[in-house]
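Heads up: the structure comes next, in structure tokens.
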Amino acid sequence: MFDRLQAVEDRYERLNELLSDPDIVSDSKKLREYSKEQSDIQAMVEVYREYKEVKQQLADTKEMLDIEKDPEMHEMVKEEFNELNSRIPDLEERLRILLIPKDPNDDKNVIMEIRGAAGGDEANIFAGDLFRMYTRYAETQSWKIDIMEATPNAMGGYKEVIFMINGQGAYSKFKYENGAHRVQRVPATESQGRIHTSTATVACLPEVEEVDVEIHEKDIRVDTFASSGAGGQSVNTTMSAVRMTHLPTGVVVSMQDERSQIKNREKAMKILRARVADKYMQEAQKEIDATRKSAVGSGDRSERIRTYNYPQNRVTDHRIGLTLQKLDIIMEGKLDEIIDALMLEEQASKLANLNDEA
């Protein structure tokens, strides 16, 4: 572990030199890249330096203990030694946690896609409830929400809603929402008071920049058509709607939310890049040994991750066995307790893997 920490500190020093290099300062791309790398490891370096300083003080104090003859001074030095020694386990634990590999997408904006699944109108209504829950949570974080595409359902909610959440670290919080969400309640459309079970699916994709995934123009087929609303009626007589197909993967994105074809193209391209990158990532994930997957789930869209039981005011996250009798609060966007528990579980799982490798 300490060899790795020393290598990180050496890299930090090298980055300091690079960031003072006039050639790097004049290259905005490299300057941004090296600044981010330095920022990512700064906390680790600071704790490691504190650890080394405490270890050195401990060695100096131990030396004083061995030579100090005065009883009163010996007792004072012993107290200092014990105090320094008690700090070591905490610093070592902090260093282990900081050594956990960070998801490179954590700081990115997130594109979320919510769709009603099994359950007809009730599934679509529940999709709308999830959308409201996520937007309220985003608002508590002072993150901006941008609806990219929405298909409302006649009875309420959405057949599909795609939106971006812009904010530092948005993906790090929302990535745990990938999967199938199940609701158990009496639908507003139910006349006999029976509890129904319905599902909605949630996909969370990190926003992907052009430099993150290479998509060649020749690999994209673009079709334009007139926008249409519910029931198929024409909304816009101009050919402003856009359908993009990424030929190598078969990923398709349709966008008609804007009246301008240019704006629809921009939005469609954002979603296309994210979906293509996600497809490649999902394919790579399948090759990873199942024992190395995170304790909070594989991220498979078909995986049922959570149940929302309205009659019992209960939410259960099946990945970590967490049950809270606070459904009403959670649906208002108070998601911190669930997200924090998932983050801690993933951290513990990664730490265990790190210790196995040590």
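The values are calculated or read from the model by the stated rules, or taken from the named source; none is laboratory data. The model shown is predicted, which means the values in this text are computed figures rather than measured ones. When we count neighbours, we look across all protein chains shown, and the Cβ atoms used for this are built from the backbone with ideal geometry, even at glycine. The accessibility values were calculated without ligands, DNA or RNA, using every heavy atom of the protein model including side chains. Shrake-Rupley method; radii C 1.70, N 1.55, O 1.52, S 1.80 Å.
Annotations
- C-alpha long axis of helix 121-140 to longest principal axis of the chain, angle in °: 40
- Highest GNM mean-square fluctuation among Glu92, Glu33, Glu177, for the chain modelled with Cα contacts below 10 Å: Glu33.
- In a fully extended conformation the segment linking Glu209 and Glu17 would gain 66.3 nm over its present Cα-Cα distance, using 0.36 nm per residue.
- Listed peptides 333-340, 20-27, 125-132, 245-252 by packing density, highest first (mean Cβ within 10 Å): 125-132, 333-340, 245-252, 20-27
- In degrees, nearest ten, helix 336-357 long axis to first principal axis of the chain (Cα): 50
- Hull-based mean projected area of the chain, where the convex hull spans the alpha carbons, in square nanometres: 25.5
- Qualifying lysines (Cα of each under 23 Å from Cα of Lys144; at least 8 residues distant if same chain): Lys36, Lys108, Lys159, Lys173, Lys175, Lys263, Lys267, Lys270, Lys334
- R0 of 45 Å, Cβ-Cβ distance Glu93-Arg259: FRET efficiency to nearest 0.05: 0.20
- For segment 22-107, the set of trypsin sites (Lys or Arg not before Pro) satisfying both a DSSP loop assignment and a count of at most 10 other C-beta atoms within 10 Å is given as Lys69.
- The helix-only estimate of mean residue ellipticity at 222 nm for the chain, built from DSSP H runs of length n ≥ 4 each weighted as -39500 (n - 2.57), is -16000 deg cm²/dmol after division by the residue total.
- Largest-first principal axis extents of the Cα set of segment 1-157 (Å): 87, 46, 26
- Farthest toward positive dipole pole in segment 74-136 [+1 Lys/Arg, -1 Asp/Glu at C-beta], among Met76, Leu98, Gly128: Gly128
- Arg243, Arg273, Arg306, reordered so the largest accessible area comes first (probe 1.4 Å): Arg243, Arg273, Arg306
- The modelled label-to-label distance between Ala118 and Thr249, using points 7 Å beyond Cα along the C-beta direction, is 2.8 nm.
- Residue with peak Gaussian network fluctuation, the chain [Cα springs, cutoff 10 Å], from Asn16, Asn109, Asn178: Asn16
- Point-to-point label distance, Ser142-Thr197, nm (Cα→Cβ direction, 7 Å offset): 4.3
- Taken per residue, the accessible surface of segment 1-144 reaches 59 Å², heavy atoms only and a 1.4 Å probe.
- DSSP beta bridge pairing in the chain, given as percent antiparallel to the nearest 5: 90
- Fraction of accessible area attributable to carbon and sulfur, the chain (%, probe 1.4 Å): 49
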